Amino acid sequence: SRAASIIRRHRLAERLFTDSLAMDSESEIEQQACKFEHILSPGATDKICSFLGHPRTCPHGAPIPPGPCCGDVRFDVATPELTRTRND
């Protein structure tokens with residue numbers, strides 16, 4: 001859905017700013033994430049998701065809706081580690 005797509009872009013942007021760019025100003029992260037959620041293409045969003053290792057939650061613990069790039073990645077409920085699966 002459109003809403004899930006916007007939420008996905010926003011939360012991935014928050015992850016990018018927090019984890020990769022080491023931004024620590026909550027207001028700056030929120031402001032920039034709000035801008036990014038409107039300009040990221042689906043392809044760029046998937047590239048960011050893959051770059052970040054397909055995170056399941058934003059820095060606040062809210063779930064990040066999975067995208068098409070997450071199709072070959074599954075999360076083992078027993079362990080938080082990512083496991084790649086083959087789609088033959």
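Read-outs: derived from the displayed coordinates by stated rules, not from any lab. Note that the coordinates shown come from a computational prediction; the quantities given were computed from them, not determined experimentally. When we count neighbours, we look across all protein chains shown, and the Cβ atoms used for this are built from the backbone with ideal geometry, even at glycine.
Scanning region 7-33 for residues that are touching a helix residue (DSSP H, G or I) at 6+ places or on another chain (Cβ under 8 Å), without any contact (Cβ under 8 Å) to a residue 40 or more places away in the chain and among the hydrophobic types (A, V, I, L, M, F, W, C) yields Ala13, Leu16, Phe17, Met23, Ile29, Ala33.
Name the residues in region 34-65 that are in a loop (DSSP other than H, G, I, E, B), surrounded by 13 or more Cβ atoms within 10 Å (Cβ to Cβ) and touching a residue at least 24 places away in the same chain (Cβ under 8 Å), would you?
Leu40, Leu52, His54, Pro55, Cys58, Pro59, Ile64, Pro65
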